Amino acid sequence: MWGRDMYAILEFENDIKSRVASVLDIDQNDIQLDIPGEDRGDYALPCFSFSKALKMNPPDAASYIASQLELEHGDVERTGPYLNFNIHEKYLAKNTIHGCLEKGDRYGELPAKKRKIIIEHTSANPNGPLHVGRARNPIIGDTISRIYSKAGYHVETQFYVDDIGRQVAILTWGTKNLQESELPEYGLDKIDHKLVRYYQKANQRMEEDGGVLEDIQGMMRDIEMGNKDILNEFSTNSERVMEGIRRSLERLNISHDVYKTESSLILDGSVSSVMQRMEELRICDRDEGALYFGEGDDRTFLTRGSGSSLYPLRDIAYHIWKSERCDEMLDVLGEDHKVHGAFLTSALSELGVKPVPRIIFHSFVSFQGERMSTRKGSYVTLDDIMNMAHEKAKEEVLARRDDLTMEDMERIAEIVGMGAVRYNIIRVQPEKPMDFKWEEALNLQGNSAPFVQYAHARASGIMERWDGDQKELLTKADTDKLTEEGEIKLIKKLAAYPREIRDAALSNAPHMMANYAYQLAARFNQFYRDYPVLKAEEKMMERLALVRSSKVVLSNVLWTMGITAPDSM
RNA sequence: GGGCAUGUGGCCUAGCCAGGAUAUGGCGACAGCCUCCUAAGCUGUAAGCCGGGGGUUCGAAUCCCCCCAUGCCCGCCA
């Protein structure tokens, strides 16, 4: 089904590389093509580095290479020491528009790789609602998962549920020992928001009273010794909070295929068997009974002196479990896990586990200059920001539209609001620090989700007003007629989409999708301003095909970010 | 103190890994554009020693070194 000529732009890129490589007699992987600004061509090649081997100055080297090239679907032009490559516009227009119209929501997909990747993200402690700081993880994780699925991978997403750790222990001490009456009012009528108060109060008690800490440690010991009642209490609390977290994520179009509980890894013996293997391989040591990996300041403790397991050991067990079920692993973790990530990688390598996970680290979202903390209650919850975004979007719809039912307005406000939240987080590189600001998070103009959604709604509006059969566009539109500058520029953006998918997956860069989506929407808006479609005398079918194609790609790229594409707003 | 990141116009940000042609764009500011497919849009103007200093190179925002600032980590927590 997928031919070599699946996407014109990728084929063109390959063609340039292989032909230049053969002229220079070098490996085509050593050729790094630039993607220059729009008016300088589709690809560019600086020829400085080839001039030595060719014994010519760079401009002459460029001329020489150009003279030896015969491209299948494009032209090469020399500008000083640079080569600029331009794909034949009619060829690109036909390939791209036909691709969009035929493939629809599958336009942009790359050939199936027959590889399964497990992407773990979120994995937040089930002790309370997700706050905005934590929300960066699922938004990055879900977006990269969607990108990988479009890049041809079989993707499975996982949430590692720490249902027996200290945080849940503290929460459980709270639910066992505290009365509703001694807690503050809850902010939102939602299970995770209600339960977090027990967690916070219990933390406070623990700090004041050493006995509470002992109680909590006792509960954790009991679980290790197989006390099923305590385990049930932990699991119940964990599941109740998870229910709240799941509902929050659902609103952002985020879900996980598999929830793997930490307790299951202890109960089925995998944790203790990993420990045994590590001891047999002599890749760990003991200090007063406690097992550790590594040396000196870098050692990581795997168990307590009492023999009970610690998170690093359990996480190894989890990764081994995952490794047996996939070809690749990708973890999305906060930057506080960097040292843990290095430990994980080296421990798994020494155990001979393959694959070893690749890890996307993201830095934290601060709030008013401080890190958000569930324990201290100093945070803005994800639910709060979603509700605010919905309200803000609703104000905007109310101000603009008087022809819609309240139900429609609510629906649009939800789509726009949730889109804005996701977009504002995903548009920034994961490793960059972010300071949470309401006015930015609720921004509905310029470089934002509504900008892209609006372009989509405009495209939808045009298509809805046309009463012809959309299937006819494929046969009736003569793409050779699309020769105006604004038409070609838009087509070039549409054509670039598969390359964006490829590159975003290759470099684990989800923010590239937002960047691309913005550029595409901007191009579409310019086209919309300059060229009438339904009132075009000569080229109505062609422009309709272009609008339809734009709608397809806008919708597809929004999908990769988990943002809904509205037909009206 | 050590390790790992980040530093781009008033604010936010792309480009950095694989060094090249006048450094992306947004917000805000200012000036314009709705008898015409939704103005959540479009056009234009002002605003930058790409944190600072060295180095490598024909060429550095990009690579190397030093320094400064900020964040994260340095627990038998996770």
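The values are calculated or read from the model by the stated rules, or taken from the named source; none is laboratory data. The structure displayed is predicted, hence computed values, not measured ones. Backbone-built Cβ (ideal geometry, glycine too); neighbour counts: all protein chains shown. Surface areas here come from the heavy atoms of the whole protein model, side chains and all, with no ligands, DNA or RNA. Shrake-Rupley method; radii C 1.70, N 1.55, O 1.52, S 1.80 Å.
Tallying residues that are under 15 Å from residue A:457 (Cβ atoms), near RNA strand B (Cβ under 6 Å from one of its atoms) and within 29 Å of the chain's Cα centre (by Cα) within the stretch A:523-541 yields 1.
Pairs linking a residue in the stretch A:330-342 that is under 15 Å from residue A:121 (Cβ atoms) to a residue that is more than 6 Å from RNA strand B (Cβ to nearest atom) and in a helix (DSSP H, G or I), with Cβ atoms under 6 Å and 6 or more positions apart or on different chains, are A:332/A:137; A:332/A:140; A:332/A:141. For the subset of the stretch A:288-309 comprising residues that are in a helix (DSSP H, G or I) and open to solvent by 90 Å² or more (accessible area, probe 1.4 Å), which member is farthest from RNA strand B (Cβ to nearest atom)? Out of the qualifying residues, it is A:298. Of the helices (runs of 4 or more DSSP H) lying entirely inside the stretch A:203-287, those containing at least 1 residues that are among the aromatic types (Phe, Trp, Tyr) span A:228-251. Among the residues making up the stretch A:464-495, those that are buried (at least 20 other Cβ atoms within 10 Å of the Cβ), hydrophobic (A, V, I, L, M, F, W, C) and assigned to a helix (DSSP H, G or I) are A:473, A:490, A:491, A:494, A:495.
Within the stretch A:496-553, track down each residue that is open to solvent by 40 Å² or more (accessible area, probe 1.4 Å), farther than 30 Å from residue A:119 by Cβ and not in a helix (DSSP H, G or I). Hits for the stretch A:496-553 are A:532, A:534, A:535, A:537, A:538. For first residues located in the stretch A:63-76 and within 17 Å of residue A:41 (Cβ to Cβ), partners that are of a type in the set (Ser, Thr, Tyr) and lie 6+ apart or on another chain with Cβ distances below 7 Å form the pairs A:73/A:91.
Do we have any residue at all in the stretch A:310-317 that's near RNA strand B (Cβ under 10 Å from one of its atoms), part of a strand (DSSP E or B) and modelled with pLDDT under 95?
Narrowing the stretch A:310-317 to residues near RNA strand B (Cβ under 10 Å from one of its atoms): A:310-315.
Pick out the ones that are also part of a strand (DSSP E or B) and you get none.
No, there is no match, as no residue in the stretch A:310-317 is near RNA strand B (Cβ under 10 Å from one of its atoms), part of a strand (DSSP E or B) and modelled with pLDDT under 95.
Here the stretch A:194-216 is the region considered, the condition is being free of Cβ contacts under 8 Å to residues at least 12 places away in the same chain and within 37 Å of the chain's Cα centre (by Cα), and the residue that is farthest from residue A:375 (Cα to Cα) is A:194.
Filtering the stretch A:322-341 to residues that are assigned to a helix (DSSP H, G or I), surrounded by 15 or more Cβ atoms within 10 Å (Cβ to Cβ) and not polar (S, T, N, Q) leaves A:322, A:337, A:340, A:341.
Restricting the search to helices (runs of 4 or more DSSP H) fully inside the stretch A:1-101 and requiring at least 3 residues that are open to solvent by 70 Å² or more (accessible area, probe 1.4 Å), within 16 Å of RNA strand B (Cβ to nearest atom) and farther than 30 Å from residue A:113 by Cβ gives A:48-54. A count restricted to the stretch A:440-456 and to residues that are more than 23 Å from residue A:385 (Cβ to Cβ) and open to solvent by 10 Å² or more (accessible area, probe 1.4 Å) stands at 0. So, of the residues in the stretch A:342-351 that are more than 9 Å from RNA strand B (Cβ to nearest atom) and under 21 Å from residue A:431 (Cα atoms), which turns out to be surrounded by the most Cβ atoms within 10 Å (Cβ to Cβ)? If we take residues in the stretch A:342-351 being more than 9 Å from RNA strand B (Cβ to nearest atom) and under 21 Å from residue A:431 (Cα atoms), then A:344 is surrounded by the most Cβ atoms within 10 Å (Cβ to Cβ).
From the list A:164, A:147, pick out the single residue that is within 16 Å of RNA strand B (Cβ to nearest atom), touching a residue at least 40 places away in the same chain (Cβ under 8 Å) and part of a helix (DSSP H, G or I).
Details: A:164 fails: part of a helix (DSSP H, G or I).
Result of the check over A:164, A:147: A:147.
In the set (1) touching a Phe, Trp or Tyr at 6+ places or on another chain (Cβ under 8 Å); (2) at pLDDT below 95; (3) not β-branched (Val, Ile, Thr), the condition left unmet by residue A:242 is number (2). Residue check: residue A:468 meets all listed conditions (1) within 11 Å of RNA strand B (Cβ to nearest atom); (2) under 24 Å from residue A:548 (Cα atoms); (3) touching a residue at least 12 places away in the same chain (Cβ under 8 Å) but one, namely (1).
I'd like the residue in the stretch A:143-173 that is charged (D, E, K, R) and open to solvent by 10 Å² or more (accessible area, probe 1.4 Å) and, out of all such residues, is farthest from residue A:110 (Cα to Cα). The extreme case among them is A:166.
The set of residues from the stretch A:174-187 being under 36 Å from the mean Cα position of the chain (by Cα) and open to solvent by less than 50 Å² (accessible area, probe 1.4 Å) comprises A:174, A:175.
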